[in-house]
Amino acid sequence: MAEFSVSELRAQHTRIRNVPIAVTPEGFWCCPSPAALQKSLKNQAPQNKPHKVSPPNSKASSVQRAPTISSEKRTISNPNAENPNPSSNLSKGTEKHQQKHKISVGFGQTEASDFKVVLRGKDGIMVKMSVHRNVLLENSTYFSEKLCENSPISSAEIPDCDDVEIYVETVGLMYCKDVKHRLVKQSVPRVLRILKVAEFLGFRSCVVSCLDYLEAVPWVGDEEENVISYLRHLQIDTKDCYGVSPLLRRVSPNAQNDAPNNTLAQIIELVLKSSEDKARREMKSVVSKLLKENSISTNGSTDICTETLYKSCQVCLDSLLNLFRQASEPEFGNRTAEVRDTVNRGIALEADNLLWLLEILCDRHVGDNFVTMWAGQDELAGNHGKLPIMSRHLVSCVTARIFVGIGKGEVLPTKETRQQLIHVWLQPLIDDYNWLQHACRPFDRKVVEEGIGRTILTLPLEEQQSILLTWMGRFLKAGDACPNLQRAFEVWWRRTFIRPYVEQEGSRN
């Protein structure tokens, strides 16, 4: 970085301020950002005499001498001669001085410059650039049209510039032989700013270089949305004359031959068949989170992934039933330990997979059909008691999760499905209840008991009585090894013994 003295004359008093000006190998000086300029003008102390610091000699062959950068001098005549109120005139002059900062920038061989480009920023900064007609005509359709329409002219003005700094840098890039090389060390946000200005100026080679840069670098965080938003705008406005479509391929498929539901099915299949426990748990967590985000973005509407999830559920159920059949065979205990371990591990894996899929379905409020599928597994429930409890207990976790879902209103199965569910799966769950409390870390007894009780209370009163009296006999024998459904029992009691008399008394009154 070199520092140049920017001088300003106010009320016949000269103050020198140092403003950082970056020198490039091509021999032009990059205008400082408006923020840097304002900060420099505010913080630098006034000097008595102006002095200049000579810049280092540029190594560019096209540069014969360093360009001059100075602010335009403005003098204020005797205010008393024009205005009887000198303080008012001085105030206006001071305000005008604070609002405008003039900078001159030279490119290439400044002594051969034959055209001026004036940039007027919205923040009060004005930059006058000494440039060359042939460079503008060769690189910019915007300036070419200006020169052809109003020829001969010696200057052009771009008013209300949002980004004066980038305008200066983009014009400077017209003097570079390899624009893409100049962008290598830039950040994505800055290249995007250059791209916008280059597109406005019709600087095609710069636009292409910016697109090549954006195609090659990663887009991190908010950069992706900013890049995609502008690329879609560029694609529409220019009718894709710059070939933006390949860049958009990064975020959208080119064809429909790889439908999203097929991709999701492949992802779920890879997760369900994984034999590495830690990796499977991590990827299940990631996929669940992403599916939840997808559900929010689609406003919770049923989409293609529901069908894919149910297909995976059916595959897991079929596999689990097949493993239960093997494990319930009389000669299964005579098989080798390796075979028994493989079957038992497969049961645990499929039960865990079903529990994961059920969580996703409940979260998306589309789990009603899963309850119907599970309530219809008579053969699976019939073989349940033939297996050791340590092999079968994870299957009861699926039943417990269904009861919790019904109790919370996450799934809404029909009355017939609820009746069948309790008839088929409540007793196997009670048989495994003591083991679940001690062997399953995520098992929440109170939540499960609340779910079972609420599910029972959705049935007709006679069925509530039958189920709860059967439970009571089991609870009085097993104690804590049995679900505690006392709250549901109390509700049933009030419905049976108190409500009729309360209603009878109310009808009399």
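The values are calculated or read from the model by the stated rules, or taken from the named source; none is laboratory data. Predicted model, so just to flag it, every value in this text is computed and none were measured. FYI the Cβ positions are ideal-geometry reconstructions off the backbone, even for glycines, and counts take in every protein chain you see. Only protein heavy atoms, including side chains, enter the accessible area calculation; ligands, DNA and RNA are left aside. Shrake-Rupley method; radii C 1.70, N 1.55, O 1.52, S 1.80 Å.
Worth pointing out:
- Lone qualifier among 144, 140, 113, 155 - being open to solvent by less than 20 Å² (accessible area, probe 1.4 Å) and small (Gly, Ala, Ser): 140
- Subset tally (residues that are assigned to a helix (DSSP H, G or I), open to solvent by less than 60 Å² (accessible area, probe 1.4 Å) and touching a residue at least 40 places away in the same chain (Cβ under 8 Å)) for the stretch 321-342: 3
- Selected residue (criterion: farthest from residue 216 (Cα to Cα)) from residues of the stretch 241-264 that are modelled with pLDDT under 70 and among the hydrophobic types (A, V, I, L, M, F, W, C): 259
- Scanning the stretch 490-503 finds no residues that are part of a helix (DSSP H, G or I), surrounded by 19 or more Cβ atoms within 10 Å (Cβ to Cβ), without any contact (Cβ under 8 Å) to a residue 60 or more places away in the chain and not aromatic (Phe, Trp, Tyr).
- Residue 126 passes every criterion in (1) open to solvent by 20 Å² or more (accessible area, probe 1.4 Å); (2) more than 22 Å from residue 106 (Cα to Cα) apart from (2).
- Looking only at the stretch 360-379, and only at residues there that are in contact with a Lys or Arg (Cβ under 9 Å, 6 or more places away or on another chain) and either part of a helix (DSSP H, G or I) or of a type in the set (A, V, I, L, M, F, W, C) (or both), the one that is nearest to residue 291 (Cα to Cα): 360
- Unmet requirement for residue 419, which otherwise passes all of (1) farther than 19 Å from residue 372 by Cβ; (2) open to solvent by less than 60 Å² (accessible area, probe 1.4 Å): (1)
- Subset of the stretch 206-236 (residues that are in contact (Cβ under 8 Å) with a residue 24 or more places away in the chain, assigned to a helix (DSSP H, G or I) and open to solvent by 60 Å² or more (accessible area, probe 1.4 Å)): 212, 215, 224, 226
- Residue 453 meets the conditions (1) under 17 Å from residue 479 (Cα atoms); (2) among the small types (Gly, Ala, Ser); (3) surrounded by fewer than 18 Cβ atoms within 10 Å (Cβ to Cβ) in every case but one. The failed one is (3).
- Meets criteria (in contact (Cβ under 8 Å) with a residue 40 or more places away in the chain, under 24 Å from residue 305 (Cα atoms) and in a helix (DSSP H, G or I)) for residue 357: yes
- The condition (being out of contact with any His (no Cβ under 7 Å at 6 or more places or on another chain), farther than 20 Å from residue 120 by Cβ, assigned to a helix (DSSP H, G or I) and aliphatic (A, V, I, L, M)) is satisfied by just one residue among 136, 192: 192.
- Put simply, of 421, 426, 412, 469 the only residue that is farther than 24 Å from residue 355 by Cα and either free of Cβ contacts under 8 Å to residues at least 60 places away in the same chain or in contact with a Gly (Cβ under 7 Å, 6 or more places away or on another chain) (or both) is 469.
- Yes/no for residue 188 being over 14 Å from residue 117 (Cα atoms), aliphatic (A, V, I, L, M) and open to solvent by 80 Å² or more (accessible area, probe 1.4 Å): no
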